[in-house]
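To keep things clear, I will list the structure first and then write my remarks on it.
The values are calculated or read from the model by the stated rules, or taken from the named source; none is laboratory data. All values derive from a computational prediction rather than experimental measurement. Cβ sites come from the backbone with ideal geometry, for glycine too, and all protein chains shown count toward neighbours. All accessible areas refer to the heavy atoms of the entire protein, side chains included, with ligands and DNA or RNA removed. Shrake-Rupley method; radii C 1.70, N 1.55, O 1.52, S 1.80 Å.
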Amino acid sequence: MLRERRMQAAEMFAAGRRQIDVAVELEVSQQTASRWYRRWADGGREALEGAGRAGRRPRLDDAQIEVIREELLKGPQAHGFATGVWTLGRVAIVIERLTGVTYGPTQTWTILRTRLGWSRQRPTRRAVERDEDAIVAWRER
């Protein structure tokens, strides 16, 4: 939709319309219309074809994400951790070992959720071996 508006703006500029007219008619800010006009003036309609990617580029490419996925599927113990439970800290350590890129817990969770499609998992029931008396005693100490 934004691309269509940029193309309409190019046609309007070519027809001699003012930037303010473009801003009002296409319902964009004056700054946006001005930016579009500068691009159009420098490179014509083609300069408005693609505005490029918005935002910062990911620090990990798709190939690195796939390697991380494969390694995480091997489980935490395959990476030297004592238990078979992934934590954000552990995942961040594995990512850093594999790629050299350091992430905090929030960024690690974002990678797991958005790039790998993983979700938080919790056991559906309590372990049979759970000793409630021992837990109470431990909490009191």
Exercise for the section: Starting from 0 in steps of 5 Å, tell me what percent of the Cα-Cα pairs of the chain lands in each bin. Expected result: 2, 8, 13, 12, 8, 6, 7, 9, 9, 7, 5, 4, 3, 3, 2, 1, 0
Practice task
Can you tell me the 0 to 90 degree angle between the C-alpha axis of helix 88-99 and the longest principal axis of the chain, rounded to 10?
Solution key: 60
Fill in the blank from the handout: Relative to the chain, whose Cα atoms define the longest principal axis, helix 30-49 and its Cα axis are tilted in degrees, nearest 10, by 80
Problem - Accessible surface, the chain, averaged per residue in Å² (probe 1.4 Å) - result: 74
Exercise for the section: Quick one: which residues, 5 or more positions from T87 or on another chain, have an amide H under 5 Å from its amide H? H modelled 1.01 Å from N in the peptide plane, none for Pro or chain starts. Expected result: none
Handout entry: Relative contact order (%) - the chain, alpha-carbon pairs under 8 angstrom, separation at least six
Key = 14
Problem - Contact order relative to length of the range 20-92, as percent, for alpha carbon pairs under 8 angstrom and 6 or more apart - result: 13
Practice task
Sticking with the crude label model, points 7 Å out along Cα→Cβ, report the distance from M1 to R115 in nm, one decimal please.
Solution key: 2.9
Problem - Burial order of peptide ranges 82-90, 7-15 (average beta-carbon count within 10 Å, highest first) - result: 7-15, 82-90
Problem - Residues in the range 76-99 reached by a label modelled at A134 [backbone nitrogen below 19 Å; 7 Å Cα→Cβ] - result: 82-85
Problem - Rounded tilt (10° steps) of 62-73 against the dominant C-alpha axis of the chain - result: 20
Problem - Ranked by how many other beta carbons lie within 10 Å on average, peptides 126-132, 114-120 from highest - result: 114-120, 126-132
Handout entry: Ordering of 37-43, 107-113, 134-140 by burial proxy (mean other Cβ atoms within 10 Å per residue, highest first)
Key = 107-113, 37-43, 134-140
